[in-house]
Amino acid sequence: AQSVTQPDIHITVSEGASLELRCNYSYGATPYLFWYVQSPGQGLQLLLKYFSGDTLVQGIKGFEAEFKRSQSSFNLRKPSVHWSDAAEYFCAVGASSGGGADGLTFGKGTHLIIQP
Amino acid sequence: KAGVTQTPRYLIKTRGQQVTLSCSPISGHRSVSWYQQTPGQGLQFLFEYFSETQRNKGNFPGRFSGRQFSNSRSEMNVSTLELGDSALYLCASSWTNTQETQYFGPGTRLLVL
């Protein structure tokens, strides 16, 4: 069974500092990997995704993530955070097999707090 | 282009009642998935519909059901509500399947008293 672990429940970062959110996955085949962000009272917004190819993927809002197969990781990074980045961040894995009606498996999320 | 819309946004029910939630996908999207989000269990996949057919279902009891109409709009129903059904129910749509980019709606917040 596939699973996603986000080891950090909360992370506090000063505005302007760099950010790295960790994500480890367990999946038997090549995974589809996603990072979503959720602001209070909102649905999920896709930041970026990895299907294949270049292991460093660029997303919206200045975020990037690196897929490391050997470490089963897909960490999210941003060089300089803004107060508006405060939100809940979710890593998710999906099946890579065709005809996929399988849903995404999400991690429990990391709550990002931005200090002024 | 309008995003995924969910109605109602908030709902209060009592134990034993049933509830129906609605999701209208982005125009042209034919796949609709439903997720339950709770503080304890996080985001969990409920089921996915494509062209009016349920293609997969998560590990939820039979009280949770859904359907999809010919215009791709989807409804989910929960019968005999329990306190633990209190959650944010999110709907997501995509063109054909869940490996593609899914676009999430704002969710329906259900409170069961």
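In the stretch A:1-22, how many residues are surrounded by 14 or more Cβ atoms within 10 Å (Cβ to Cβ) and either at pLDDT below 90 or closer than 18 Å to A:G62 by Cα (or both)?
First pass over the stretch A:1-22, keeping only residues surrounded by 14 or more Cβ atoms within 10 Å (Cβ to Cβ): A:2, A:4-6, A:8, A:11, A:13, A:15, A:19, A:21-22.
Still in the list and also either at pLDDT below 90 or closer than 18 Å to A:G62 by Cα (or both): A:2, A:13, A:15, A:19, A:21-22.
So the answer is 6.
Could you tell me which numbered condition A:I60 fails, if it satisfies all but one of (1) touching a Pro at 6+ places or on another chain (Cβ under 9 Å); (2) at pLDDT 95 or above; (3) not acidic (D, E)?
Unmet condition: (1).
Residue-by-condition table, conditions (1) of a type in the set (A, V, I, L, M, F, W, C); (2) assigned to a loop (DSSP other than H, G, I, E, B):
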position: B:F60; (1), (2): yes, yes
position: B:S65; (1), (2): no, no
position: B:N71; (1), (2): no, yes
position: B:E75; (1), (2): no, no
position: B:L81; (1), (2): yes, yes
position: B:G84; (1), (2): no, no
position: B:C91; (1), (2): yes, no
position: B:L110; (1), (2): yes, no
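All but one of (1) within 9 Å of another protein chain (Cβ to nearest Cβ); (2) buried (at least 16 other Cβ atoms within 10 Å of the Cβ) hold for B:Q54; state the number of the condition that does not hold.
Condition (2) is where B:Q54 drops out.
All but one of (1) closer than 16 Å to A:A92 by Cα; (2) facing chain A (nearest Cβ under 9 Å); (3) touching a residue at least 24 places away in the same chain (Cβ under 8 Å); (4) not aromatic (F, W, Y) hold for B:P106; which doesn't?
The one condition B:P106 does not meet is (1).
Can you tell me which residue is surrounded by the most Cβ atoms within 10 Å (Cβ to Cβ) among those in the stretch A:69-98 that are of a type in the set (S, T, N, Q) and over 14 Å from A:T5 (Cα atoms)? I'd like the intermediate steps shown before the answer.
Going residue by residue through the stretch A:69-98, those that are of a type in the set (S, T, N, Q) are A:70-73, A:75, A:80, A:84, A:96-97.
Checking which are over 14 Å from A:T5 (Cα atoms) leaves us with A:70, A:80, A:84, A:96-97.
Working: A:S70: 5, A:S80: 12, A:S84: 10, A:S96: 17, A:S97: 11.
Residue satisfying both the conditions and the ranking: A:S96.
Can you tell which of B:G16, B:G28 is over 19 Å from B:L111 (Cα atoms), of a type outside the set (S, T, N, Q) and not in a strand (DSSP E or B)? Show your work before the answer.
On the way: B:G16 fails: over 19 Å from B:L111 (Cα atoms).
From the options B:G16, B:G28, the qualifying one is B:G28.
The values are calculated or read from the model by the stated rules, or taken from the named source; none is laboratory data. The structure presented is a predicted model; accordingly, all values stated were derived computationally and were not measured. No Cβ is skipped: glycine too gets one built from the backbone with ideal geometry, and neighbour counts run over all protein chains shown.
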